[in-house]
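Undergrad: Take a look at the following structure, please.
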Amino acid sequence: KELCDVTKDDLKFTIKNGNELTRWSYTAAKVLYSTDDEIAELIKQIPVYPEDKRQYNMESFVSQIKMHFAYLQLAEYSKNTYLLYETATKIVLFSGRLVLADNRVLYPNRKWYSREIQRIQDKPIDFYEDMCELLCNPTIEKAKAFIDTLFSYKTYPEPKEGWGNRFNKDSVLSWKNGTFSIEDW
């Protein structure tokens with residue numbers, strides 16, 4: 001299946017700047033024909049976790065988890081079903097993204113997310129099962145237990161500017177900073 005014409009400069013740009021979704025899309029890439037020997041080597045460099053962004057990403061994912069837990073509490077107290085399920089989904093997404101980043105595993109996409117989470121060994125016991133339970137029946141109690149288990153499993157990095165400020169920078173002001181939505185990093 002041909003995706004599109006990709007130049008050597010496109011590959012170099014992706015190595016330096018590609019988001020995880022794009023990087024992951026190259027995990028099974030094969031060069032069928034090229035007159036440039038460098039192309040195959042460039043393609044091998046793409047599906048690698050961007051180490052220079054790992055610390056920042058992990059801090060951002062911690063911030064997202066904490067803010068969405070605050071929103072989930074508001075949702076349950078105010079009986080806002082939409083907000084309750086949305087925030088539970090975000091807690092699960094960013095908790096998984098944190099585990100993926102900690103293990104230097106690229107976020108594949110929504111379709112393959114669960115598979116990647118399940119295959120990782122270095123995560124809290126019953127992490128996948130607990131995340132599914134939170135998604136099916138979100139409550140403050142379940143979300144707190146899920147998050148507490150994650151944060152007691154390891155000490156994850158937190159942003160120096162505070163999780164609320166990082167959340168605002170990554171989510172509320174991402175348009176101003178000219179970045180992707182954090183869900184698509």
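The values are calculated or read from the model by the stated rules, or taken from the named source; none is laboratory data. Here the structure is a predicted model, which is why all the values come from computation and not from measurement. Methodologically, a virtual Cβ is constructed for each residue, glycine included, from the backbone with ideal geometry; neighbour enumeration extends over all protein chains shown. Remember, those area values only see protein heavy atoms, side chains included, never the ligands or the DNA or RNA. Shrake-Rupley method; radii C 1.70, N 1.55, O 1.52, S 1.80 Å.
Undergrad: Filter LYS66/LYS160; LYS111/LYS144; LYS90/LYS111; LYS12/LYS169 down to the pairs with a C-alpha to C-alpha distance above 18 Å, please. Working shown, then result.
TA: Details: LYS66/LYS160 15 Å; LYS111/LYS144 26 Å; LYS90/LYS111 16 Å; LYS12/LYS169 28 Å.
In this structure, LYS111/LYS144; LYS12/LYS169 exceed 18 Å between Cα atoms.
Undergrad: Right, next: Ignoring ligands, DNA and RNA, what percent of the accessible area of segment 98-185 is carbon or sulfur (1.4 Å)?
TA: Summing carbon and sulfur atoms, their accessible area is 53 percent of the total for segment 98-185.
Undergrad: Along the positive direction of the dipole of segment 75-114 (beta-carbon charges: Lys, Arg +1; Asp, Glu -1; about the Cα centre), which of ILE91, TRP112, TYR77 reaches farthest?
TA: Result: TRP112.
Undergrad: On each of the three principal axes of the Cα atoms of segment 10-57, give max minus min coordinate, whole Å, ordered largest first.
TA: Projected onto its principal axes, the Cα set of segment 10-57 covers 38, 17, 13 Å.
Undergrad: Now, a different point. Please state, as a whole number in µm²/s, the translational diffusion coefficient that the Stokes-Einstein equation yields for the chain at 4 °C and 1.567 mPa s, with Rh defined as the Kirkwood radius across alpha carbon pairs.
TA: 73
Undergrad: While we're on this one: What number, rounded to the nearest 500 deg cm²/dmol, is the helix-based mean residue ellipticity at 222 nm of the chain, given -39500 (n - 2.57) per DSSP H run of at least four residues and division by all its residues? Write down the numbers at each step before the final one.
TA: Details: 10 runs with 113 residues, N = 185.
Helix contribution divided over all residues of the chain: -18500 deg cm²/dmol.
Undergrad: Between helix 140-153 and the chain, what is the angle of the helix's C-alpha long axis to the longest principal axis, kept within 0 to 90° and rounded to the nearest 10?
TA: Between helix and principal axis, roughly 50 degrees.
Undergrad: Given a 1.4 Å probe and every protein chain left where it sits, what share in percent of the accessible area of segment 9-91 is carbon and sulfur? Spell out each step's value before the answer.
TA: Details: 2670 of 4850 Å².
Carbon plus sulfur share of accessible area: 55 percent.
Undergrad: Each label point is 7 Å from the Cα along the Cα-to-Cβ direction; what then is the distance between the points at THR81 and THR155, in nm?
TA: Computed distance between label sites THR81 and THR155 equals 4.4 nm.
Undergrad: Kindly state, as a whole number, the per residue volume in cubic angstrom of the convex hull around the alpha carbon atoms of segment 106-185. Numbers along the way, then the final one.
TA: Numbers: hull volume 10.7 nm³, N = 80.
Convex hull of Cα atoms, per residue: 134 Å³.
Undergrad: Tell me, what is the per residue accessible area of segment 32-84 in Å², probe radius 1.4 Å? List each step's numbers first, then the result.
TA: Values: 3150 Å² over 53 residues.
Heavy-atom accessible area per residue stands at 60 Å².
Undergrad: Taking the simple approach of a point 7 Å from Cα along Cα-to-Cβ for both LEU21 and ILE120, what is their distance in nm?
TA: 1.9
Undergrad: Kindly rank 55-63, 126-134 from highest to lowest mean number of other beta carbons found within 10 Å of each residue.
TA: Numbers: 55-63: 21.1, 126-134: 16.7.
Per-residue Cβ counts within 10 Å, averaged per peptide and sorted highest first, yield 55-63, 126-134.
Undergrad: OK, next. Considering the options VAL48, TRP185, LEU21, tell which one lies farthest towards the positive end of the dipole of the chain, charges being +1 on Lys and Arg and -1 on Asp and Glu at the Cβ, about the Cα centre.
TA: TRP185
Undergrad: On C-alpha positions alone, give me the angle between the axis of helix 127-136 and the longest principal axis of the chain, in degrees, nearest 10.
TA: Helix 127-136 sits at roughly 60 degrees to that axis.
Undergrad: Can I ask one more? For Cα pairs less than 8 Å apart in space and 6+ apart in sequence, what is the mean separation divided by the residue count of segment 1-113, i.e. the relative contact order in percent?
TA: 30
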